[in-house]
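All remarks here apply to the structure that follows.
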Amino acid sequence: MSSIKIVPGISLKTNRRHTIGKINCHCGKCEITLAADKALGYFLCGCQDCRQAVKWAEFKGGQKGEDLQKAIYVPSDILHVNGKEYMKPFLLREGGQSTRVYCVSCYSLLGIDFPAYNDKRFMFIGGHCSTDIDTSMDPAVAINMVDYPKDKELNLPDGITIVNSIHDPDRSWTQIPEVKKIRETPPSYKGMRFSELVKELGSPTILGLEPGAAI
């Protein structure tokens, strides 16, 4: 009689390896497991809010905050969460729309929810958490560059599309294939949405930071 060997991570039905990826804080207390091991893509973001968010985390003891952020997008499919007791959501100010979840032990920035993501995706910032998710693709665009500090040196990849602001009436950048992939790829709905995790963590703390204010 023949036997079937069960190989971890392999589905007998599909004979395909299950792909998962993880986002961890730098101190190891928090972990978010996703139903994907590759990012949808990423933007280089010069916006003042992303910069302020990482500078605030640096002030609290987190990683050094840079002026240009690697805004990485992943499908909003969370399979498992460890360390919820160390996770807390924050808003930069009253009326803010981006909810940022930090580990309050090491102030790693674990993820960001924004209404326009429509529960299809969420974002994290490269270098401000630890991950085994593949982010090796080229950046799709450099976005919100109107906010980039005028006194700072800027080195962007040759030929990259520069978007001054997401509020510009010219929306042609949204039709770039790499951007469309980020904006339009649906999640697999294997797990819970990032917005659901945010709700489980409770009401966000409002930091009361003025737009563009230095930390």
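A few comments on the model shown:
- Backbone HN-Hα couplings from phi across the range 193-200 [Karplus 6.51/-1.76/1.60, Hz, Gly and Pro as x]: 7, 4, 4, 5, 4, 4, 4, 5
- About the Cα centre, charge dipole magnitude for the chain (Lys/Arg +1, Asp/Glu -1 at Cβ), debye: 820 debye
- Backbone phi angles across the range 55-67, fed through the Karplus curve with coefficients 6.51, -1.76 and 1.60 (θ = phi - 60°), yield HN-Hα couplings of 5, 5, 4, 4, 4, 7, x, x, 5, 4, x, 8, 8 Hz in residue order; Gly and Pro are listed as x.
- Projected label points at residue 171 and residue 31, each 7 Å from Cα along the beta carbon direction, are separated by 4.1 nanometres.
- Nearest-10 value in Å² for the accessible area of residue 58, using the 1.4 Å probe: 70 Å²
- Fluctuation leader among 177, 139, 75 - the chain, Gaussian network, Cα springs under 10 angstrom: 177
- For the range 110-201, chymotrypsin sites (Phe, Trp or Tyr not before Pro) are listed when DSSP marks them as loop and at most 14 other Cβ atoms sit within 10 Å of their Cβ; the list is 189.
- Protein accessible area in the range 35-149, 1.4 Å probe - carbon and sulfur %: 43 percent
- 5 Å-binned pair-distance histogram of the chain (Cα, whole percent): 1, 7, 14, 19, 19, 16, 11, 6, 3, 2, 1, 1, 0, 0, 0
- Most mobile listed residue (48, 63, 175) in the chain, GNM with C-alpha springs under 10 Å: 175
- Of all the options 70, 181, 22, the one that moves most in a Gaussian network model of the chain with Cα springs shorter than 10 angstrom is 181.
- Under Karplus coefficients 6.51, -1.76 and 1.60, residue-wise ³J(HN,Hα) of the range 168-176 in Hz, glycine/proline x: 4, x, 6, 9, 4, 4, 5, 9, 4
- In this simple spin-label approximation, residue 60 and residue 118 carry label points 7 Å from Cα along the Cα→Cβ vector, and these lie 3.1 nm apart.
- For the chain, the solvent-accessible area with a 1.4 angstrom probe is 54 square angstrom per residue.
- For the range 79-104, backbone nitrogen atoms closer than 20 Å to the point 7 Å from residue 200 Cα along Cα-to-C-beta are found at 79-91, 99-104.
The values are calculated or read from the model by the stated rules, or taken from the named source; none is laboratory data. None of these values were measured; they are calculated from a predicted model. Don't worry about glycine lacking a Cβ; one is built from the backbone with ideal geometry, like all the others, and counts go over all protein chains shown. The accessibility values were calculated without ligands, DNA or RNA, using every heavy atom of the protein model including side chains. Shrake-Rupley method; radii C 1.70, N 1.55, O 1.52, S 1.80 Å.
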